[in-house]
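The values are calculated or read from the model by the stated rules, or taken from the named source; none is laboratory data. Since the structure is predicted, the reported quantities are computational estimates derived from the model, not experimental observations. So basically every Cβ, Gly included, is an ideal-geometry build from the backbone, and we count neighbours across all protein chains shown. Note: accessible area is taken over every heavy atom of the protein model, side chains too, but ligands, DNA and RNA are not part of it. Shrake-Rupley method; radii C 1.70, N 1.55, O 1.52, S 1.80 Å.
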Amino acid sequence: MHSECSQYSREVVVQVGIIGAGPAGLLLGAALARRGHAVVAVDPDPGPDTGGRWARRGVMQFHHPHGVRQQMGEALRAELPEAWDACLAAGAEPLAFVLDDGTRLPAGMRVRRETFERALRSVAAREPGLTLRRGHVDRVGVEDGRARGLVVDGEHLPTDLVVDASGRNGRVTRDLGPAPVAGGDTGIAYVSRQYRLHDGAEPGPMSNPLAWEARLDGYQVIVFRHERGIFSVLLVRPAGALHDLRHEAAFTAACRAVPGLCDWTDPDRSAPITPVLPGGRLYNHYRAQPDVGGLVLLGDAVCTTTPMFGRGLATTAMQVRALLDRVDAGDAASFGAWCDAAMLPWVHDHTRSDDHWRRVWSGGDVDLTRRIPSDLILAAAAADPRIAPALGPYLAMLAGPKSLDPVEPLARAVYQGGWRSPLADGPGRDELAEVVRAAVAA
Ligand SMILES: Cc1cc2nc3c(=O)[nH]c(=O)nc-3n(C[C@H](O)[C@H](O)[C@H](O)COP(=O)(O)OP(=O)(O)OC[C@H]3O[C@@H](n4cnc5c(N)ncnc54)[C@H](O)[C@@H]3O)c2cc1C
């Protein structure tokens, strides 16, 4: 990164303008305010309405299931402990993975994205030094290669530092920096719905503390547990198939048809609390920091990754902390190099995995001419236990995808030998399409 923001330090009060008050903008904004900076975060979103509802129209994934990894919890505890407490008070449950050797790894928390963001927003909104301003940033004012302020609904707001935290669809700085360098269409689309367990009802099957996951022939299902008996059912479909799952009757019929999902959504056990939530196309992308002084990209504006691995809030939290460390040390200029080293490998990792599943969902097989995707390396541990010790740090995002390189040849040998991860019981995509067709026609 080339932004000339190394002048910012604890002692200097500067006007920081943040584009977007999502998790990235709120967390960074409140943390900078606590360091004595004067911060304005601009967002068209009004926050929850007086009835308590929060539509959050600019963030399509807001009501879709999120797994919240421990990196976000750690960032809250370090920078805004009241927000962590507010999450817990709202019912969030902290979790740990217990590995075969007994090692406990923090695994994040069971909580809805909405509940987490309400907690974060309520604390950030009370932070002296941080102003949440309702508005749309039209553009960043740049003079002599340096960001000088924001144009908010036609009005100029002078700033010393601009942070673009406008998310995956933010456009406002697109023409100021290099085009995205990695990623592309993931080939998958989401359709989900939230349910609540009846009082006293036992949860359905679980694969790990956060979720139950099953890969079937041509699609995938995941149940995410949230707070207070709430859970989300997610059907991950190829972007070109199973469109009609967006209809309530079709979604319900699909839940009945898939073993495991059928248990979770049994009307004796739970009831839906939202309509079916369709999602748009999903992309992996990475944007290097622009060569504009005083302008920093953050959160999803830097990178987005295939969502079902649940890494977006973690990469956001990691970025916020890396940027704050650099601001504290007067070395914000090294943030771009940190992003290139620490964020870009995750985007490549997801792209490799998406390429694989797109191929398999079109009738293909593992491509043994390339590096084996990380999720396939993990799966191969079922066939070669020597792979297992490498998994924990990668799964917890304590080590990047490169940490799996030493066991990649073991996984490759597993696949060369013909082993394939078994599919879960249940209808294949064509059979599910029949179920969906029949439900829509009925
Ligand atoms: C379907 C889906 C599922 C996901 N699941 C997970 C998961 O399980 N776990 C996980 O960790 N992550 C998940 N993610 C990723 C996660 O949602 C993002 O990483 C997270 O939202 C990033 O936060 P952000 O603040 O960078 O951006 P956002 O949350 O998108 O916030 C950006 C904000 O900027 C505002 N904005 C945009 N343009 C302007 C403008 N011009 N002026 C003013 N404001 C503007 C928007 O209104 C918005 O409020 C998922 C993503 C998707 C798409």
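A few remarks follow.
- Qualifying residue in segment 102-116 (condition: away from the ligand (no atom under 13 Å from the Cβ) and closer than 24 Å to TYR190 by Cβ): yes
- Residue in segment 119-129 that is more than 14 Å from the ligand (Cβ to nearest atom), open to solvent by 60 Å² or more (accessible area, probe 1.4 Å), part of a loop (DSSP other than H, G, I, E, B) and not β-branched (Val, Ile, Thr) present: yes
- Residue satisfying condition, being closer than 25 Å to VAL360 by Cα and assigned to a helix (DSSP H, G or I), within set ALA241, ALA254: ALA254
- GLY200 passes every criterion in (1) away from the ligand (no atom under 14 Å from the Cβ); (2) modelled with pLDDT under 95 apart from (2).
- Selected residue (only one of ALA241, ALA314, ALA322 is more than 11 Å from the ligand (Cβ to nearest atom) and open to solvent by less than 10 Å² (accessible area, probe 1.4 Å)): ALA322
- Against the list (1) surrounded by fewer than 24 Cβ atoms within 10 Å (Cβ to Cβ); (2) within 30 Å of TRP338 (Cα to Cα), the condition PRO267 fails is (2).
- Against the test of being at pLDDT 95 or above, within 15 Å of the ligand (Cβ to nearest atom), crowded, with 16+ Cβ neighbours inside 10 Å and outside the structural domain of PHE116 (by TED's automatic domain parsing), the options PHE224, PHE251 yield a single qualifying residue, PHE224.
- Going through (1) of a type outside the set (Lys, Arg); (2) open to solvent by 30 Å² or more (accessible area, probe 1.4 Å); (3) part of a loop (DSSP other than H, G, I, E, B) one by one, GLY167 falls short only on (2).
- Matching residues in segment 135-147 - criterion: being open to solvent by 70 Å² or more (accessible area, probe 1.4 Å) and within 9 Å of the ligand (Cβ to nearest atom): HIS136, ASP138, ARG139
- Selected residue (criterion: most open to solvent (accessible area, probe 1.4 Å)) from residues of segment 284-305 that are of a type outside the set (A, V, I, L, M) and near the ligand (Cβ under 9 Å from one of its atoms): ASP300
- Close pairs (8 angstrom Cβ cut-off, 6 or more residues apart or separate chains): among the polar types (S, T, N, Q) in segment 416-430, part of a loop (DSSP other than H, G, I, E, B) and open to solvent by 60 Å² or more (accessible area, probe 1.4 Å) anywhere: SER421/ALA382
- Hits in segment 29-45 - residues which are more than 9 Å from the ligand (Cβ to nearest atom) and either in contact with a strand residue (DSSP E or B) (Cβ under 7 Å, 6 or more places away or on another chain) or acidic (Asp, Glu) (or both): GLY29, ALA30, LEU32, ALA33, HIS37, ALA38, VAL39, VAL40
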